[in-house]
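Novice: Structure incoming, see below.
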Amino acid sequence: MALRHAVLAALLDGEYSGYQLAKAFDIGVANFWHALPQQLYAELAKLEKDGLVTGRQVVQESRPNKRLFTVTDAGRAELQDFAEAASKPSFIRDDLLVKVQSADRIGTTAVIAQLDERAAAADAKIDLLGALLRQLRGEADEEEFLLHGERIGPYLTCLRGLAFEREHRDWCRRIAAVLRRRSAGAGRRDSAERVPGSAPTW
């Protein structure tokens with residue numbers, strides 16, 4: 001999957017400026033495709049050059065002018081081709097997991113702190129996604145919305161993001177607790193092995 005497909009999919013909901021697109025990515029699309037704002041602006045320029053999106057200038061009196069982008073028929077055809085192509089397996093590439101794998105050889109203090117930070121960040125994302133899901137479904141309950149909602153694609157991807165953040169938070173908390181217990185146990189063993197008043201044995 002290329003960034004262009006994620007951008008085209010996000011633009012299916014209507015006209016977006018580059019700023020609005022970046023906000024959409026930050027809250028919803030980032031669940032499955034991360035991109036920095038400058039990457040999005042560059043991709044919009046490429047898509048417009050290739051005829052997959054079209055842009056129009058909007059003159060604003062009290063703010064700088066902005067460009068709004070929409071998907072063209074060629075852009076929809078590109079997405080259709082992408083949807084019909086085989087999907088590649090997903091994979092994990094996470095520097096924190098490398099640190100956890102090394103923790104019992106290089107020390108756990110910094111790793112535990114980073115696990116706690118990740119858990120807190122996941123909690124914040126869970127709150128954001130929960131609010132977004134409520135906004136998307138309005139007054140309908142979830143099952144009613146999933147069966148009869150006019151546009152459920154963004155809702156379904158948010159459900160996946162919510163499940164991921166919850167699992168990630170719970171994993172971080174569990175691993176931090178395991179490393180804390182092991183560290184505390186090692187400290188007690190070290191104390192028990194030392195005889196008061198004797199010289200250290202090294």
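Novice: Does A103 count as surrounded by 10 or more Cβ atoms within 10 Å (Cβ to Cβ) and in contact with a Leu (Cβ under 7 Å, 6 or more places away or on another chain)?
Specialist: yes
Novice: Take residues that are over 30 Å from D13 (Cβ atoms) and tell me which of the helices (runs of 4 or more DSSP H) falling wholly in the stretch 77-178 contain 1 or more.
Specialist: Ranges flagged: 95-106, 109-137.
Each row is one residue, and each column tells you yes or no for (1) of a type in the set (A, V, I, L, M, F, W, C); (2) touching a Lys or Arg at 6+ places or on another chain (Cβ under 6 Å); (3) at pLDDT 95 or above.
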{"site": "G75", "(1), (2), (3)": "no, no, yes"}
{"site": "E84", "(1), (2), (3)": "no, no, no"}
{"site": "F91", "(1), (2), (3)": "yes, no, no"}
{"site": "G107", "(1), (2), (3)": "no, no, no"}
{"site": "D116", "(1), (2), (3)": "no, no, yes"}
{"site": "A119", "(1), (2), (3)": "yes, yes, yes"}
{"site": "R137", "(1), (2), (3)": "no, no, no"}
{"site": "T157", "(1), (2), (3)": "no, no, no"}
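Novice: Collect the residues in the stretch 26-44 that are within 23 Å of P89 (Cβ to Cβ) and among the hydrophobic types (A, V, I, L, M, F, W, C), keeping them in residue-number order.
Specialist: V29, A30, F32, W33, A35
Novice: Then there is this: Does the stretch 76-90 contain any residue that is assigned by TED's automatic domain parsing to the domain that holds G18 and touching a strand residue (DSSP E or B) at 6+ places or on another chain (Cβ under 8 Å)?
Specialist: Checked against the condition, which is being assigned by TED's automatic domain parsing to the domain that holds G18 and touching a strand residue (DSSP E or B) at 6+ places or on another chain (Cβ under 8 Å), the stretch 76-90 yields at least one hit.
Novice: Please work out if F32 is of a type in the set (F, W, Y), closer than 19 Å to R151 by Cα and touching a residue at least 24 places away in the same chain (Cβ under 8 Å).
Specialist: yes
Novice: Determine the pairs where a residue that is outside the structural domain of A9 (by TED's automatic domain parsing), located within the stretch 136-151, has a partner that is surrounded by fewer than 14 Cβ atoms within 10 Å (Cβ to Cβ) and assigned to a helix (DSSP H, G or I) with Cβ atoms under 9 Å apart, the partner being 6 or more residues away or on another chain.
Specialist: From residues that are outside the structural domain of A9 (by TED's automatic domain parsing), the pairs are R137/E144; A140/H148; L146/L156.
Novice: Under the condition of being basic (K, R) and surrounded by fewer than 14 Cβ atoms within 10 Å (Cβ to Cβ), which residue from the stretch 119-151 is nearest to W171 (Cα to Cα)?
Specialist: Restricting to residues being basic (K, R) and surrounded by fewer than 14 Cβ atoms within 10 Å (Cβ to Cβ), the top hit is R134.
Novice: What single numbered condition from (1) surrounded by fewer than 16 Cβ atoms within 10 Å (Cβ to Cβ); (2) within 12 Å of the chain's Cα centre (by Cα); (3) in contact (Cβ under 8 Å) with a residue 24 or more places away in the chain fails to hold for D26?
Specialist: (3)
Novice: Give the stretch 29-47 a look and list any residue that's part of a helix (DSSP H, G or I), surrounded by fewer than 19 Cβ atoms within 10 Å (Cβ to Cβ) and not hydroxyl-bearing (S, T, Y), or say none. Talk me through it step by step, then tell me what you get.
Specialist: Step one: list which residues in the stretch 29-47 are part of a helix (DSSP H, G or I), which gives 29-31, 37-47.
In the following step, the residues that additionally are surrounded by fewer than 19 Cβ atoms within 10 Å (Cβ to Cβ) were identified as 30, 37-39, 41-42, 45-46.
A30, P37, Q38, Q39, A42, A45, K46, listed by residue number.
The values are calculated or read from the model by the stated rules, or taken from the named source; none is laboratory data. Not measured: the values here are computed from a predicted model. Neighbour counts are summed over all protein chains in view; Cβ atoms, including those assigned to glycine, are modelled from backbone coordinates with ideal geometry.
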